[in-house]
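Derivation of every value follows stated rules applied to the coordinates shown; laboratory data play no part. The structure displayed is predicted, hence computed values, not measured ones. All Cβ positions, even for glycine, are placed from backbone atoms using ideal geometry, and neighbour counts span all protein chains on display.
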């Protein structure tokens, strides 16, 4: 496992080694020791798969609040997606910044999404199949979402989505008291840059 980029603290773009022969290729989808060698302790609690037949399908941006905040390792098994990570960690020097990368069956890359960051993707090709390894169980009470076109973040998606679920379209504009569950006794989160 090789780190290609670390565009935001804790966000890593990984290249997963593959072995090719006349049958095709073989690759590990997850390696605890490989991640530990990068300083990441990542016990898997869930593994999720999403299938999106149509290009232009947008999923996200999703995350969970503490204590259910989760690390995700995301990989595209079929097709291609433009994967986006938005830093919503209040004390992070990159709070409010986002990064986007193409993940595909061809480039064998994965993205490591740390707790406190929202994650989503836009399908670029038909029949996109995405695998997520997740470090925390789904907790509907702590689930949150940021709308793909929230003006507070101005994410530059490769093109406008053609399919977004009603739930993802209905996420409110960013509001720290909702999105970060700000405790009024603590310092307010960083302002958006």
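Can you tell me which of 101-107, 18-24 comes out highest on packing, and rank the rest after it, using the mean Cβ neighbours within 10 Å? Intermediate results must be reported in sequence, preceding the final value.
Values: 101-107: 17.1, 18-24: 8.0.
Put in order of decreasing packing, that is 101-107, 18-24.
Could you tell me the center-to-center distance, by alpha carbons, between the range 92-164 and the range 1-76 in angstrom?
For the range 92-164 versus the range 1-76, the Cα centre distance is 12 Å.
Computed over the Cα atoms of the range 1-108, what is the ratio Rg over Rh, Rh following Kirkwood? If you can, show how the numbers build up before the last one.
Details: Rg = 15.1 Å, Rh = 15.7 Å.
When Rh is taken as the Kirkwood radius, the ratio is 0.96.
Place the peptides 53-62, 109-118, 130-139, 158-167 in order of packing, highest mean first, counting for every residue the other Cβ atoms within 10 Å and averaging per peptide.
Descending packing order for the listed peptides: 109-118, 53-62, 130-139, 158-167.
By how many nm would the segment from residue 18 to residue 91 grow when fully extended, if each residue of separation counts as 0.36 nm and the alpha-carbon distance is taken off?
22.6 nm
Beyond 20 Å, how much of the Cα-Cα pair distribution for the chain remains, as a whole percent?
55
Please compute the modelled spin-label separation between residue 159 and residue 77, points set 7 Å along Cα→Cβ, answer in nm with one decimal.
In this crude spin-label approximation the distance works out to 2.6 nm.
With label points built 7 Å along Cα→Cβ from the Cα atoms of residue 127 and residue 28, find their separation and express it in nm.
2.9
Based on a Kirkwood Rh over C-alpha pairs, give the Stokes-Einstein translational diffusion coefficient of the range 74-182 at 10 °C and viscosity 1.306 mPa s in µm²/s.
Answer, rounded: 107 µm²/s.
How far apart, in nm, are two points set 7 Å out from the Cα along the Cα-to-Cβ line at residue 177 and at residue 50?
3.0
Between residue 107 and residue 170, what's the calculated FRET efficiency when r is the beta-carbon distance and R0 is 45 Å? Round to 0.05.
0.85
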